[in-house]
Number of protein chains: 2
Amino acid sequence: MDAIPANSSSVVQTATARVHEVIKKRILNGHYQANEYLRETSVASELNVSRTPVREALRELVSEGWLEAIPHRGARVVAWTAKDAREVFELRLVLEPLAVRLASTQISKSCFKSLEILATQMESLTEQVDTNTESRSDIASLNHEFHRTLILASNNQRLANLLENVVRTSVIHRNFGNYDLANLRRSMRHHREILEAIAAGSPEWAENVMRAHLLAAQALHVPHTNTPSG
Amino acid sequence: MDAIPANSSSVVQTATARVHEVIKKRILNGHYQANEYLRETSVASELNVSRTPVREALRELVSEGWLEAIPHRGARVVAWTAKDAREVFELRLVLEPLAVRLASTQISKSCFKSLEILATQMESLTEQVDTNTESRSDIASLNHEFHRTLILASNNQRLANLLENVVRTSVIHRNFGNYDLANLRRSMRHHREILEAIAAGSPEWAENVMRAHLLAAQALHVPHTNTPSG
DNA sequence: TCGCCCAAGATTGCATACAATTTATAAGGT
DNA sequence: ACCTTATAAATTGTATGCAATCTTGGGCGA
């Protein structure tokens, strides 16, 4: 029963923000399951706050797509369907390439440097997947950071917000668990090639590698098994 | 002094929803101006409700991008800058073509029919712009409905929500006020051509006409004056 | 005269009580 | 047996009071 830390650090946070965070975590780790109703009073008493901050947190989570509001029934954890996965992928496939294209014309030197460092770290971790059991999840977080950095470099705050909200809700399911070494290496080559395209001053190249990057990842989750020689 | 209608229709609305609506209208019609602070107590007393529904409405409007929350200072009406216009246009230019592409493969017959009716209505109004002073604003609302219908036909709810939120905030500035007859006619031809492309079963065609449609509109707002023969 | 500090005012943040609405339940009639 | 209706329980919606926090203005000292 994880109670809210009264003052986990010197940073003062509002109760609403803490409740928001806790609920999001609980959705991600499965404490709240799909289609489960979150009643204001229950959450409030569990987290030792009043209903007010809970109400506000729930509304925020609804607008972010984590919950859906059922009038006079409460907020329900959204169930992730195949359609949701399709919708998010369709959006990602146009938004992330856009971000890379925009970023490639105006990225700062320091930002590009951090991307190179992230790529290098992921590459070295990739070669340790057989011996280091932690490396897959480490790659996942570095990968997330890589994409996030790239998106922020697009200099389009709305785009960044959209991707944050749209993609984050789907992150539950995506990690590198079912990537074999070959696919991992291709993924890492994509990262490197995006940086090469940016360095070469070719937004179109960068954009298309990103599309390939996303489509390759998608193909792993939805195996089509269409071998031409078959 | 527009007070909140107690029961404007038989539909029962929550105070939060009514406050939300009123504030949005007031931003659109200029009652609240850019950078103006909206204090919970002021709005509450003006609209004869308590602070609670005002708080919730303000938070929603912040998450929708109409206001920005300044900690302990209140909610401020966002000022529309050139950068905001650029950001929104960059997003529209990938999202609306995506919507059209998706819609063209799965649009229903009845939905297609309504689009044709809307296009026809706009076309006839276009030929009346010299005599009918109302026609420009009528075209604007029909145009909005045309785009909305097309977007809903994409069968991607997230995409529809994104476009609704992203585009609506910028609608304040865009109408057909500075379209001359030639540009209006081109805009109408675009609508018609999108429908032709859908009917012909060519998502790529439809998608590219939409891009042209948006870029042509953009060119009018940001005149470049680059005549090749000059 | 400039900078720092303290206090008062203003504003949001939170808690609690109450109202309104809906849903679930059970009883009664057909 | 099933549908209707009324009643009660549960839940959200709203109002209000108080606490916490920040901003602002003035006074004090260097």
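The values are calculated or read from the model by the stated rules, or taken from the named source; none is laboratory data. Note that the coordinates shown come from a computational prediction; the quantities given were computed from them, not determined experimentally. Positions of Cβ are backbone-derived with ideal geometry, glycine not excepted, and every protein chain shown enters the neighbour counts. Remember, those area values only see protein heavy atoms, side chains included, never the ligands or the DNA or RNA. Shrake-Rupley method; radii C 1.70, N 1.55, O 1.52, S 1.80 Å.
Could you list all residues from the range A:27-44 that are within 11 Å of DNA strand D (Cβ to nearest atom) and more than 14 Å from chain B (Cβ to nearest Cβ)? Break it down stepwise before answering.
Narrowing the range A:27-44 to residues within 11 Å of DNA strand D (Cβ to nearest atom): A:37-44.
The answer is A:Tyr37, A:Leu38, A:Arg39, A:Thr41, A:Ser42, A:Val43, A:Ala44.
Yes/no per residue for (1) closer than 23 Å to B:Ala57 by Cα; (2) touching a strand residue (DSSP E or B) at 6+ places or on another chain (Cβ under 7 Å); (3) near DNA strand C (Cβ under 10 Å from one of its atoms):
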residue: A:Arg26; (1), (2), (3): no, no, no
residue: A:Gly30; (1), (2), (3): no, no, no
residue: A:Asn35; (1), (2), (3): no, yes, no
residue: A:Leu61; (1), (2), (3): yes, yes, no
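Could you count how many residues in the range B:11-46 are open to solvent by 50 Å² or more (accessible area, probe 1.4 Å) and assigned to a loop (DSSP other than H, G, I, E, B)?
Residues flagged as open to solvent by 50 Å² or more (accessible area, probe 1.4 Å) and assigned to a loop (DSSP other than H, G, I, E, B) within the range B:11-46 amount to 11.
(1) away from every other protein chain (no Cβ under 14 Å); (2) open to solvent by 70 Å² or more (accessible area, probe 1.4 Å): which one isn't true of B:Asn132, the others all being true?
It fails just one condition, (2).
For the range B:74-111, which residues satisfy the criterion of being of a type in the set (Gly, Ala, Ser) and either crowded, with 22+ Cβ neighbours inside 10 Å or within 8 Å of chain A (Cβ to nearest Cβ) (or both)?
Of all residues in the range B:74-111, those of a type in the set (Gly, Ala, Ser) come to B:74-75, B:79, B:82, B:85, B:99, B:103-104, B:108, B:110.
Selection gives B:Ala75, B:Ala99, B:Ala103, B:Ser104.
Evaluate the following for B:Val94: is it assigned by TED's automatic domain parsing to the domain that holds B:Val22 and at pLDDT 95 or above? Steps first, answer last, please.
Values: assigned by TED's automatic domain parsing to the domain that holds B:Val22: no; at pLDDT 95 or above: yes.
Here the answer is no, as B:Val94 does not meet what is asked.
So, in the range B:147-181, how many residues would count as being modelled with pLDDT of 90 or more and over 15 Å from the mean Cα position of the chain (by Cα)?
6
Quick check on my filter: what residues within the range A:45-75 are within 9 Å of DNA strand D (Cβ to nearest atom), at pLDDT below 95 and among the aliphatic types (A, V, I, L, M)?
A:Ala69, A:Ile70, A:Ala75
When you scan the range B:32-72, how many residues do you find that are touching a Lys or Arg at 6+ places or on another chain (Cβ under 6 Å) and among the charged types (D, E, K, R)?
The total comes to 2.
If I go through the range A:56-71 residue by residue, how many of them are surrounded by fewer than 19 Cβ atoms within 10 Å (Cβ to Cβ) and not in a strand (DSSP E or B)?
As a first pass, look at the range A:56-71 and keep what is surrounded by fewer than 19 Cβ atoms within 10 Å (Cβ to Cβ): A:62-65, A:68-71.
Checking the rest, the ones that are also not in a strand (DSSP E or B) come to A:62-65, A:71.
Count: 5.
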